[in-house]
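Trainee: Attaching a single structure in structure tokens format; questions to follow.
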Amino acid sequence: MGKITLKQVRKSFGDVAVIPGIDLDIDEGEFVVFVGPSGCGKSTLLRLIAGLEDTTGGVIEIDGKDATQLPPAKRGLAMVFQSYALYPHMSVRKNIAFPLKMAGLPVAEQEKRVANAARILNLTSYLDRRPGQLSGGQRQRVAIGRAIVREPAAFLFDEPLSNLDAALRVSMRQEITELHQTLKTTMIYVTHDQVEAMTMADKIVVLNAGRIEQVGSPLELYHHPANLFVAGFIGSPKMNLIDGAEAAKHGAVTIGIRPEHITVQDGGPWQGVVGLSEHLGSDTFLRVQVDGVGMLTVRAGGEITLRHGDAVALAPQLDKLHRFGTDGKALA
Amino acid sequence: MARTYSTRRKILTTAAAWGVALLIFFPVLWMILTSFKTEASAVASPPQLFSADWTFENYAEVWSRSDYPRFFWNSVVISIGSTLLGLAIAIPAAWSMAFVPGKRTKDLLMWMLSTKMMPAVGVLIPMYLLFQRLGLFDTKIGLVLALMLMNLPIIVWMLYTYFKEIPGEILEAARMDGASLWNEIVHVLTPMALPGIASTLLLNVILAWNEAFWTITLTTTKAAPLSAFIASFSAPQGLFYAKLSAASTMAIAPILILGWFSQKQLVRGLTFGAVK
């Protein structure tokens, strides 16, 4: 249960093709993250899978059956929204039981499933409260509870953590990952935060302007970005991208090197001046203006004492260099 | 920082507010006072605000000479009936306009409202003939239909405004949860819009209760509500101001009391969404 296949799925709003045509296979039990900048079509794609938007063309198959024309409720999917979308006039218990009530389950079965979901999500003592009386994190758990009780073929998450503060976001991220490991149900998760994508996903789908730029495991994307867009999008801080003569030396139009693959080393080939140094304790991020290369970000050890204006020599790890051609695609 | 006002200024503005309120309420107050006067002091010159010969006789006479309970009951049936029927039609209409608008939805809303700008007299003859031919003349069901149609644009507009305030994601969540359109409207939309629906209901009951043009024109005796009850006193006995005032007071009292007790709900509903 939970295999989803997209075949040439297209979506246009009027004359604007938001998604010009996407093919994608999502395997049973996989945690797939759609990531991309704002307006890349990732939420639209999720809503097409959910059935909340009609496709302009193409086929959506769920567990081998054509679901393209099915209404949302008949697709066996559950969705968690960015705004939680809880029913404000119902108690937590009724919120979680709502899909079961709609499915016409016997009351005893409803209560059993609600109790079970509440136990998994630590909501048991809040069952009689209204959503308005809960914190953001608790509301998000209720929304997840409402999704769990339906025992769906797949969960769809539409930027579920973006309304939470930073600390809560990290802990909810872990909770959702653990939930996936417990339930082993397919999850599709939309985010613009590449850290969420990297930490949660089995498979990341990088989207840009309605097209898939690359599909792969987090480390595949990190180590082998297929093109400039993925190279620049995945990784924090960003990969350094260098054009011009320095790139030409390596037989490429653009070369990329991650901050951790540049070492501060006396006698290194790149001479520069430190512009900014950010001390994080464990690491220090240096912004260095390198002669003939440009501004580079370098990740150095936490003990380094370089300051603004200091001269520095850098050595790139040449085996970690990424080379890109004229079309922006990675060169072999 | 909050603005601060001097005590003097506060007193002045409060007095001005009371002055304006009294000015608006004065005709009603005058009518109520007159209803307790004798016919002689009601037309005294110069006019007396308070009469020395205070009396309940006008009420007794109006009560004995007419069938007040029947008019009252007709008013209740017509105003509540037309409002409930209007809501039953307007809730789905406003739902579709708010959540699945088409290209012309805004124009449609404007057109609906524009029908309210036409003088009622403009459709008097066709309405009158239609009512006669269809056997609706002087029937409660006829008036329920007529007033429902008169107020439908207002009901749709008000509900549309309230529904627009409800986040679409919640309705989408209901759809994902397996709610049919009917369940979505009954279990999610209506309870969430309840304050708005309640104030729409109240306002329309009041509008229908006070409607006089159609209720007087399209009835004779059987279905005549309280507006016709007042009119029946003004025509043949136009000079008897005290009795007319007593009849008028009896006609507006129920709605005045309803309005008084529901004013919080009315204000809340009318400013719904305006202040967050």
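Trainee: Helix check for chain B. Which DSSP H runs span at least 27 Å along their own axis by Cα, with a mean Kyte-Doolittle hydropathy no less than 1.0? Write down the numbers at each step before the final one.
Mentor: On the way: long enough: B:7-34 (37 Å, 1.29); B:68-99 (45 Å, 1.19); B:140-164 (34 Å, 1.50); B:241-261 (29 Å, 1.34).
Counting only whole DSSP H runs, the qualifying helices are B:7-34, B:68-99, B:140-164, B:241-261.
Trainee: Could you check how many percent of all C-alpha pairs in the protein assembly as shown are farther apart than 34 Å?
Mentor: Numbers: 115093 of 184528 pairs.
In whole percent, the long-distance tail amounts to 62.
Trainee: Can you give me the P(r) profile for region B:66-270? Cα pairs, bins 5 angstrom wide beginning at 0, each as a whole percent.
Mentor: 1, 7, 14, 16, 17, 15, 12, 9, 5, 3, 2, 1, 0, 0
Trainee: A further question follows. Working from the pairwise distances between different alpha carbons, so that the mean of 1/r is found and then inverted, what is region A:121-190's Kirkwood radius in Å?
Mentor: Working: mean 1/r = 0.0784 Å⁻¹.
Evaluated over region A:121-190, this radius sits at 12.8 Å.
Trainee: Given Cα positions, please report Rg to Rh for region B:117-203, the hydrodynamic radius being the Kirkwood one.
Mentor: On the way: Rg = 18.2 Å, Rh = 15.7 Å.
Result for region B:117-203 is an Rg/Rh of 1.16.
Trainee: What angle do you read, to the nearest 10 degrees and between 0 and 90, between the alpha-carbon axis of helix A:166-183 and the longest principal axis of chain A?
Mentor: The angle comes out near 60 degrees.
Trainee: Moving to a separate point now. Are there any trypsin sites (Lys or Arg not before Pro) in region B:9-45 that are in a DSSP loop and have at most 11 other Cβ atoms within 10 Å? List them by number. Write out the running numbers ahead of the final one.
Mentor: Values: sites: B:9, B:10, B:37; in loops: B:37.
Listed in order of number, the matching sites amount to none.
Trainee: How big is the C-alpha Rg of region B:1-152 next to the rule-of-thumb value 2.2 N^0.38 Å, as a ratio? Provide the component values of the computation, followed by the final result.
Mentor: Details: Rg = 24.1 Å, N = 152, 2.2 N^0.38 = 14.8 Å.
Computed over Cα atoms of region B:1-152, the ratio equals 1.62.
Trainee: Under a straight-distance cross-link criterion of Cα-Cα below 20 Å, which aspartates and glutamates are reachable from residue A:101, leaving out those fewer than 8 residues away in the same chain?
Mentor: A:109, A:111, A:128, A:151, B:169, B:172, B:177, B:184
Trainee: Next question. What angle do you read, to the nearest 10 degrees and between 0 and 90, between the alpha-carbon axis of helix A:92-102 and the longest principal axis of chain A?
Mentor: That helix lies at roughly 70 degrees to the long axis.
Trainee: Going by C-beta contacts inside 10 Å, put A:119, A:139, A:10 in order with the fewest on the left.
Mentor: A:119, A:10, A:139
Trainee: From the C-alpha gyration tensor of region B:178-217, pull out the three semi-axes of the equivalent ellipsoid (sqrt of 5λ each), sorted largest to smallest, in whole Å.
Mentor: Values: eigenvalues 211, 28, 3 Å².
Three semi-axes, in Å: 32, 12, 4.
Trainee: Helix-only mean residue ellipticity at 222 nm, chain A, DSSP H runs n ≥ 4 weighted -39,500 (n - 2.57), per residue, nearest 500. What is it?
Mentor: Values: 9 runs with 89 residues, N = 332.
Calculated mean residue ellipticity at 222 nm is -8000 deg cm²/dmol.
Trainee: What does region A:218-332 give for Rg and for Dmax, in Å, if only its C-alpha atoms count?
Mentor: 13.9, 40
Trainee: Can you list the trypsin sites (Lys or Arg not before Pro) in region B:60-160 that are in a DSSP coil and have 16 or fewer other beta carbons within 10 angstrom? Write down the numbers at each step before the final one.
Mentor: On the way: sites: B:65, B:70, B:103, B:104, B:106, B:116, B:133, B:140; in loops: B:103, B:104.
Those that pass, being in a loop and sparsely packed, are B:103, B:104.
Trainee: For all pairs of alpha-carbon atoms in region B:66-152, what percent lies in each bin of width 5 Å, listed from the first bin to the last filled one?
Mentor: Per 5 Å bin, starting at 0, the Cα pair percentages come out as 3, 12, 16, 19, 19, 15, 9, 5, 1, 1, 0.
Trainee: Can you give me the P(r) profile for chain A? Cα pairs, bins 10 angstrom wide beginning at 0, each as a whole percent.
Mentor: Going from the shortest bin to the longest, the percentages are 5, 22, 26, 21, 14, 8, 2, 0.
Trainee: Cα-Cα over 27 Å: which of B:222/B:264; A:11/A:203; A:3/A:74; A:65/A:112; A:11/B:103? Present the calculation step by step, with values, prior to reporting the outcome.
Mentor: On the way: B:222/B:264 35 Å; A:11/A:203 23 Å; A:3/A:74 15 Å; A:65/A:112 30 Å; A:11/B:103 19 Å.
Over 27 Å apart, Cα to Cα: B:222/B:264; A:65/A:112.
Trainee: Tell me, what are the semi-axes, in whole angstrom and largest first, of the equivalent ellipsoid of region A:220-279 as set by the roots of 5 times the Cα gyration tensor eigenvalues?
Mentor: On the way: eigenvalues 88, 58, 20 Å².
The equivalent ellipsoid of region A:220-279 has semi-axes of 21, 17, 10 Å.
Trainee: Under 13 Å from a point placed 7 Å out from the Cα of residue B:66 along the Cα-to-Cβ direction: which residues of region B:219-235 have their backbone N that close?
Mentor: Output list for this probe position: B:221, B:224-235.
Trainee: Any idea what Rg and Dmax come out to for region B:19-70 if you just take the C-alpha atoms, in Å?
Mentor: 13.2, 38
Trainee: While we're on this one: Ignoring everything except DSSP H segments at least 4 long, calculate the 222 nm mean residue ellipticity for chain B; use -39,500 (n - 2.57) per segment, divide by total residues, nearest 500. Please report the intermediate quantities before stating the final value.
Mentor: Working: 13 runs with 187 residues, N = 276.
Dividing the helical sum by the residues of chain B leaves -22000 deg cm²/dmol.
Trainee: In region B:1-85, what chymotrypsin sites (Phe, Trp or Tyr not before Pro) fall in a loop by DSSP, with at most 16 other Cβ atoms inside 10 Å? Before the final figure, lay out each step's value.
Mentor: Numbers: sites: B:5, B:18, B:25, B:30, B:36, B:50, B:54, B:56, B:59, B:63, B:71, B:72, B:73; in loops: B:5, B:36, B:50, B:54, B:56.
Passing both the DSSP loop test and the Cβ count: B:5, B:50, B:54, B:56.
Trainee: Can you pull the percent of Cα pairs in region A:243-304 with separation above 18 Å? Provide the component values of the computation, followed by the final result.
Mentor: Values: 681 of 1891 pairs.
Counting every Cα pair in region A:243-304, those more than 18 Å apart make up 36 percent.
Trainee: Separate question: Among the lysines, which have Cα under 25 Å from the Cα of residue B:106 when same-chain residues fewer than 8 positions away are ignored?
Mentor: Cross-link targets: B:116, B:164, B:276.
Trainee: Under 13 Å from the Cα of residue A:329, which aspartates and glutamates turn up, not counting those fewer than eight places away in the same chain?
Mentor: Cα-Cα hits under 13 Å: A:213.
Trainee: Provide the percentage of antiparallel DSSP beta bridges, counting only those with both residues in the protein assembly as shown; round to the nearest 5.
Mentor: On the way: 50 of 68 bridges.
Just about 75 percent of them are antiparallel.
Trainee: When only Cα pairs under 8 Å and 6 or more residues apart are kept, what is the percent relative contact order across chain A?
Mentor: So the answer I get is 17 percent.
Trainee: I've got another one for you. Taking Rh as the Kirkwood radius, which is the inverse of the mean 1/r over Cα pairs, what is the Rg/Rh value for region A:110-153?
Mentor: Values: Rg = 10.0 Å, Rh = 10.5 Å.
Computed over Cα atoms, the ratio is 0.95.
Every number in this text was worked out from the coordinates using simple rules, so none of it is lab data. Everything numeric in this text was worked out from a predicted model, so none of it was measured. Cβ atoms come from the backbone with ideal geometry, glycine included; neighbour counts cover every protein chain shown.
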